[in-house]
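The structure appears below as structure tokens.
What follows is calculated from the coordinates using simple rules that are stated; it is not laboratory data. As the structure is a prediction and not an experimental result, all values here were calculated from the model. Because the Cβ atoms are built from the backbone with ideal geometry, glycine has one as well, and the counts that use them run over all protein chains shown.
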Amino acid sequence: MSLLHLAYIIARRRIASSWRLELVLFLGILLAVALLSSGVVFSDLLAETALRRVLTQASKEEANMLVRVFNDLDDPNLTGRTPLYQNSVDFVDQKVTSRFEPYIKGHVRHLQTATFFFSGRPHLEFDIDLRPRGQFQYMTDLQDETRTKLEEGSWPSYDPDAEPADSNQPLEVALDRNGAELLQLGVGDELLVLPATGLQEVETLPVKIVGIFSRLNPDDDIWYSREKDFSYQDQRWAWIPLFTAEAGILEKVGETYPGIYTSVTWVYKLDRQGVRAGDVGSIQQAIRETRFQIAAHLEHGSSSIRLNRILDDYSEQLLLARIPLFLMVFLVTG
């Protein structure tokens with residue numbers, strides 16, 4: 001008991017004589033623990049801020065992703081096999097879209113055919129080098145009221161089961177406002193189209209304009225890479241796409257011109273505000289797997305993805321930015 005009493009007296013005297021030094025030591029330990037604990041928080045905050053800045057400043061080409069497939073259009077009268085178009089759609093939906101679904105704000109599918117010339121109207125009959133031209137197109141987002149506005153008429157429709165027996169029944173199409181002005185045609189007008197190759201003794205396909213529309217915001221990321229897929233006039237000719245229903249291309253155009261060249265494009269709009277720093281690794285892995293799947297299993301397929309480059313740059317810059325942060329924390333702690 002005497003030893004404990006003596007130790008108590010010594011400790012009390014020591015505290016009374018050096019309490020200022022011990023207070024500084026206690027506060028230093030408290031500050032060190034707080035800095036070490038907050039280092040992770042500051043690091044995560046730095047990562048999120050840097051990623052938001054990188055994605056905000058990224059161009060459309062860098063942030064968004066494209067997948068494209070080139071195929072010949074199957075004749076719908078052929079039975080016993082799945083059309084190439086449907087095979088491509090199923091593959092991309094399963095192997096690509098499902099991987100990027102958590103990180104995108106939307107995606108669209110765009111089907112377009114080879115080039116056609118227009119005829120049946122005197123003002124459309126020019127020499128080949130000057131003749132107006134276009135292609136049949138289908139876009140999954142064309143009738144989205146948040147992206148397009150139907151100014152006149154209605155959207156094209158096509159029901160192969162309800163089609164009249166008359167094979168000359170025109171295919172319904174819609175034009176953008178610029179295309180209607182270039183063609184000098186409106187809702188209810190009809191014209192003929194024919195492939196731009198093999199002009200001699202080629203079958204023509206009648207089409208009827210049923211609607212005219214315009215895009216609400218042509219600068220939206222969702223229209224990335226599709227600027228030339230809408231009507232325009234250059235020094236050579238006028239380009240006027242004919243927008244129609246998906247079944248109209250697969251059934252009507254495919255039956256009239258079996259084997260005609262087509263391409264399908266998927267556009268993925270990155271969710272710039274929704275992606276978090278913790279998602280970077282998963283996105284990089286998804287890009288690597290997507291490229292491998294397309295190269296190995298998707299015939300005539302290709303991809304245009306630059307997002308991995310800016311994410312690589314982001315990771316390098318983040319590492320360099322974290323080094324001074326941790327050095328400062330450890331120095332102050334020491």
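What is the local net charge at Ile209, summed over the other residues whose Cβ is closer than 15 Å to its Cβ (Lys, Arg +1; Asp, Glu -1)? Before the final figure, lay out the partial values.
Values: positive: Arg121, Arg177, Lys208; negative: Glu151, Glu152, Glu172, Asp176, Glu181, Asp189, Glu190.
My count for the surroundings of Ile209 gives -4.
Peptides 238-245, 189-196, ordered by how many other C-beta atoms sit within 10 Å of their residues on average, highest first, read 238-245, 189-196.
Put a dot 7 Å past the Cα of His123, heading toward its Cβ, do the same for Glu203, and the two dots end up 3.1 nm apart. Using the Cβ-Cβ distance between Ser225 and Leu27 with R0 = 51 Å, the FRET efficiency computed as 1/(1 + (r/R0)^6) comes to roughly 0.30.
Ordering 172-185, 272-285, 84-97 by mean Cβ neighbour count within 10 Å, with the highest value first, yields 172-185, 84-97, 272-285.
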